[in-house]
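The values are calculated or read from the model by the stated rules, or taken from the named source; none is laboratory data. Computed from a predicted model, the values in this text were never measured in an experiment. In this analysis, Cβ positions are derived from the backbone assuming ideal geometry, glycine residues included, and neighbour counts consider all displayed protein chains. The area values use the complete protein model at the heavy-atom level, side chains included, leaving out ligands, DNA and RNA. Shrake-Rupley method; radii C 1.70, N 1.55, O 1.52, S 1.80 Å.
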Amino acid sequence: MSLEKRRALVRLANQFDVLILEDGPYRFLRYEGTTLPPVKVFDTEGRVVFLGSMSKILSPSLRLGWLIADPEIMAGIEALKGAADVESSALIQRAVSQYLSRVDFPAHLAQLRKTYRQKRDVMLDALHCHLPADFTITDPQGGFFLWLQGPKGLDMTALQREVLLPAHVSVVAGRNLSPAHSMVSGARLTFAAPAIGDIEPGVQRLAAALSQGARQVQAR
Ligand SMILES: Cc1ncc(COP(=O)(O)O)c(C=O)c1O
């Protein structure tokens, strides 16, 4: 989101009196381009809540994050959190605190960015090489994911069920990622989880399954 859009979003939120939850767990994982200030920076009326997580930069399943919010909103969130699960694990909080005080975290983040950038590049190269012509992909500057867009009319959820899963390929079908269940012909792919050496064979298998799926759909 461009700087101007970030500012405009806050202006609109002020105008229509709504809160913004800025979900920023990938903020430290930018591989190129310019890091822009969070939307929270442009908050003039205490209506933006910024959310971060240790899940993507230290370890998943810690279930530990942080938020930056206006004191009044924070008090409400604390009450809701207390009602939901009393509090985040004190043991995990202490362990993470110890870790942060002992390691060079900026160096750790730099290493993460290097590793994930390499994985992203391997996945992009493999997709450019193997994908059927009627599929496109995005070229993300950060984060864990890229977007695979299939031809109009393709039902990625059905394709996943009928062709991809039997071929041992799993993607997150777009239908699951939009509140209105739109984006049906796309899918989210991650380059973060697989070992770097598994990415190209995985993409080859995905591309073969997509080609086979397209043939099956045409044959109907
Ligand atoms: C955009 C986004 N926000 C929040 C989270 C949740 O992170 P946590 O594991 O800290 O609950 C995730 C994790 O997948 C995410 O992708």
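Helix content alone sets the calculated 222 nm mean residue ellipticity of the chain: runs of n ≥ 4 DSSP H residues at -39500 (n - 2.57) each, divided across all residues, give -14500 deg cm²/dmol. Computed packing ranks the peptides 102-113, 155-166 as 155-166, 102-113, most packed first, by mean other Cβ atoms within 10 Å. Share of carbon and sulfur in the accessible area of the chain stands at 57%, probe radius 1.4 Å.
Length gained on full extension, SER170 to TYR31: 47.5 nm, using 0.36 nm per residue less the C-alpha separation. For the chain, the equivalent ellipsoid derived from the Cα gyration tensor has semi-axes of 36, 23, 18 Å, listed largest first.
Over 32 Å between Cα atoms: which of LYS81/LYS119; LYS56/LYS81; LYS5/LYS119; LYS5/LYS114; LYS40/LYS152 fall into that group? Result: LYS81/LYS119; LYS40/LYS152 exceed 32 Å.
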